[in-house]
Amino acid sequence: MLMEHSHFQAGIPLKQTPNDDDGEYTTTDLYEKLGHIYEYIFLEVEASKSVVARQKAQKNITELLEKIKEHMHGQSKVSCLN
């Protein structure tokens with residue numbers, strides 16, 4: 001159950017501490033996931049690292065999209081998430 005003082009980002013509840021059970025990710029975890037996505041989309045990645053960068057980005061996009069859908073379900077009728 002989420003506490004009333006939980007912090008949210010994109011509909012995802014964030015942990016206040018790494019041991020917190022009331023959130024999905026710490027702010028550091030979320031920052032790293034978004035950083036991998038940003039790196040693949042916007043930065044020139046060396047050819048030798050592009051496959052790994054793509055795999056990390058795809059994994060993080062899929063994971064975050066599922067979490068966003070899960071937490072936004074029933075709260076809003078956003079057509080791009082349905």
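Could you check how many residues of the range 17-72 are charged (D, E, K, R) and modelled with pLDDT under 90?
In the first step, residues of the range 17-72 are kept if they are charged (D, E, K, R); the result is 20-22, 24, 29, 32-33, 39, 44, 46, 49, 54, 56, 59, 63, 66-67, 69-70.
The next check asks that each one be modelled with pLDDT under 90; those that pass are 20-22, 24, 67, 69-70.
The number of residues fulfilling the criteria is 7.
Name the single residue that is nearest to the chain's Cα centre (by Cα) among those in the range 12-56 being among the acidic types (Asp, Glu) and surrounded by fewer than 12 Cβ atoms within 10 Å (Cβ to Cβ). Explain how you work it out, then say what you get.
At the first step, the residues of the range 12-56 found to be among the acidic types (Asp, Glu) are 20-22, 24, 29, 32, 39, 44, 46.
Checking the rest, the ones that are also surrounded by fewer than 12 Cβ atoms within 10 Å (Cβ to Cβ) come to 21, 44, 46.
Working: Asp21: 17, Glu44: 22, Glu46: 24 Å.
The selected residue is Asp21.
Mind telling me which of the residues Gln9, Gln75 ends up being modelled with pLDDT under 85 and more than 15 Å from the chain's Cα centre (by Cα)? Outline the logic, then answer.
Numbers: Gln9 fails: more than 15 Å from the chain's Cα centre (by Cα).
Of Gln9, Gln75, the one residue that is modelled with pLDDT under 85 and more than 15 Å from the chain's Cα centre (by Cα) is Gln75.
Could you please give the count of residues in the range 35-54 that are touching a helix residue (DSSP H, G or I) at 6+ places or on another chain (Cβ under 9 Å) and polar (S, T, N, Q)?
Final tally of qualifying residues: 1.
Looking at the structure I just gave you, is Glu66 part of a helix (DSSP H, G or I), loosely packed, with under 13 Cβ neighbours inside 10 Å, of a type outside the set (A, V, I, L, M, F, W, C) and out of contact with any helix residue (DSSP H, G or I) (no Cβ under 6 Å at 6 or more places or on another chain)?
yes
The values are calculated or read from the model by the stated rules, or taken from the named source; none is laboratory data. What you see is a predicted model, and the numbers here were worked out from it, not measured in a lab. Using ideal geometry, Cβ is built from the backbone for each residue, glycine included, and neighbour counts are taken over all protein chains shown.
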